[in-house]
Amino acid sequence: MTKPNLAVDLNGLKLQNPVTTASGTFGFGPEYRNYVDLNRLGGVMVKGTTLNPKLGNPTPRIAETPAGMLNAIGLQNPGVDHFLARILPLIKDYNFKTIVNISGNTVEDYAKLANKLNVEGVDALEINISCPNVKKGGLAFGTQPEMAASVVEAVRAETDMSLITKLSPNVADITSIARAVEEAGTDVISLINTLLGMKIDIHNQEPILANKMGGLSGPAIKPVAVRMVYQVAQAVEVPLIGMGGISNADDAIEFLLAGASAISVGTANFVNPEVTMEILDGIEEYLVEKGYEDINEIVGKAIK
Ligand SMILES: Cc1cc2nc3c(=O)[nH]c(=O)nc-3n(C[C@H](O)[C@H](O)[C@H](O)COP(=O)(O)O)c2cc1C
């Protein structure tokens, strides 16, 4: 039997297969080179990059939860100039698409980042709109359709590169945000970012995270993520990258059936650093077993 086609075309962003790694959980890629054949990945979303270097939040900034974890890293990263000078040269020649996840405090920050990253070797930008807008009292950009759209428009004005907008699940109606960013010119939508959560130490009677609240990720959030992908897939035309709790091939296939054209693996990399390779093999086995010749045949198959 011939091998099924695994390549996906996300509105012009061509991945050799649908398996990517979620921002903040896979470093810049090479950190995992002893566990993963990096050349087999479809894409790597690098750690959230900001204009200036960031030390992140005070510790403790991660905590385990049932079937997941909370994090409040606070976007620790070396800044865009360091990324361009020191990191991009190390990763640009791998077969995976290099997708830079960008974060800002203002619309102008995002525009400046897009302008700086508009260089050879960067294949796409993933716009993290879960960041607080300092000019709007810290309300996250991704919680209001107009604010979300303004970020995408500003980035779009700076570059013709593929734009992936990453949605926050901490909203009442994710489809209205999805439609707004599609209208503003995003090529792809990725979802979901972490769900806002909290854990309290009952002995010292204080929040466990120094930041008090953090983002919940891992298997605990998967049903919410699948539901949101399923809803957004029916609300927009642009392709989706689904994520949230994917830990094995079955989970990944669920997202494809819900309407995602590609998937991202996050927290599971911490549990099993080889998991992306297992997911890739498992997706291929599923296609062979079910008699599909092309991965694209199963995208959105569960939408009735
Ligand atoms: C430790 C950690 C750091 C993260 N950092 C970022 C980040 O910098 N930018 C971003 O858009 N998402 C970030 N995320 C969110 C993930 O990319 C992903 O959207 C989320 O964790 C859900 O997927 P998962 O359940 O597979 O981890 C981070 C998640 C974790 C656990």
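The values are calculated or read from the model by the stated rules, or taken from the named source; none is laboratory data. Everything quoted here is computed from the prediction, not taken from an experiment. Backbone-built Cβ (ideal geometry, glycine too); neighbour counts: all protein chains shown. When the accessible area is computed, the model is the full protein with side chains, heavy atoms only, and any ligands, DNA or RNA have been set aside. Shrake-Rupley method; radii C 1.70, N 1.55, O 1.52, S 1.80 Å.
A compact table of results
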{"read-out": "Where Ala233 falls short, out of the listed (1) among the hydrophobic types (A, V, I, L, M, F, W, C); (2) within 16 Å of the ligand (Cβ to nearest atom); (3) in contact with a strand residue (DSSP E or B) (Cβ under 8 Å, 6 or more places away or on another chain); (4) open to solvent by 10 Å² or more (accessible area, probe 1.4 Å)", "value": "(2)"}
{"read-out": "Where a residue in region 81-108 is within 16 Å of the ligand (Cβ to nearest atom) and assigned to a loop (DSSP other than H, G, I, E, B) and its partner, wherever it lies, is small (Gly, Ala, Ser) and modelled with pLDDT under 95, with Cβ under 9 Å and at least six apart", "value": "Ser103/Ser130"}
{"read-out": "Residue match in region 12-28 (condition: at pLDDT below 95, of a type in the set (Val, Ile, Thr) and in a loop (DSSP other than H, G, I, E, B))", "value": "no"}
{"read-out": "Qualifying residue in region 188-195 (condition: open to solvent by 20 Å² or more (accessible area, probe 1.4 Å) and away from the ligand (no atom under 14 Å from the Cβ))", "value": "no"}
{"read-out": "Hits in region 1-58 (condition: touching a strand residue (DSSP E or B) at 6+ places or on another chain (Cβ under 7 Å), over 25 Å from Gly79 (Cβ atoms) and of a type in the set (Val, Ile, Thr))", "value": "Val8, Val19"}
{"read-out": "Whichever residue in region 29-53 is near the ligand (Cβ under 10 Å from one of its atoms) and not in a loop (DSSP other than H, G, I, E, B) and, among such residues, is farthest from the chain's Cα centre (by Cα)", "value": "Thr49"}
{"read-out": "All positions within region 122-150 that are within 13 Å of the ligand (Cβ to nearest atom) and in contact with a Pro (Cβ under 6 Å, 6 or more places away or on another chain)", "value": "Ala140"}
{"read-out": "Scope region 115-158; condition open to solvent by less than 40 Å² (accessible area, probe 1.4 Å), more than 17 Å from Ile189 (Cα to Cα) and at pLDDT 95 or above; matching residues", "value": "Leu117, Gly121, Val122"}
{"read-out": "Those residues of region 109-149 which are outside any strand (DSSP E or B), among the small types (Gly, Ala, Ser) and in contact with a strand residue (DSSP E or B) (Cβ under 9 Å, 6 or more places away or on another chain), in sequence order", "value": "Ala114, Gly121, Ser130, Gly138, Gly142, Ala148"}
{"read-out": "Top-ranked residue in region 162-184 [being open to solvent by less than 50 Å² (accessible area, probe 1.4 Å) and more than 18 Å from the chain's Cα centre (by Cα); ranked as nearest to Lys14 (Cα to Cα)]", "value": "Ala184"}
{"read-out": "Residue in region 249-259 that is open to solvent by less than 40 Å² (accessible area, probe 1.4 Å), within 10 Å of the ligand (Cβ to nearest atom) and over 15 Å from Ser190 (Cα atoms) present", "value": "yes"}
{"read-out": "Considering residues of region 64-80 that are in contact (Cβ under 8 Å) with a residue 60 or more places away in the chain and assigned to a loop (DSSP other than H, G, I, E, B) only, the residue farthest from the ligand (Cβ to nearest atom)", "value": "Pro66"}
{"read-out": "Any hit, region 213-227, residues being closer than 27 Å to Thr2 by Cα and more than 10 Å from the ligand (Cβ to nearest atom)", "value": "no"}
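Residue by residue, here is whether (1) open to solvent by less than 20 Å² (accessible area, probe 1.4 Å); (2) without any contact (Cβ under 8 Å) to a residue 24 or more places away in the chain holds:
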| residue | (1), (2) |
| --- | --- |
| Ile241 | yes, no |
| Asn269 | yes, no |
| Pro273 | no, no |
| Ile279 | yes, no |
| Glu284 | no, no |
| Glu289 | no, yes |
| Asp294 | no, no |
| Ala302 | no, no |
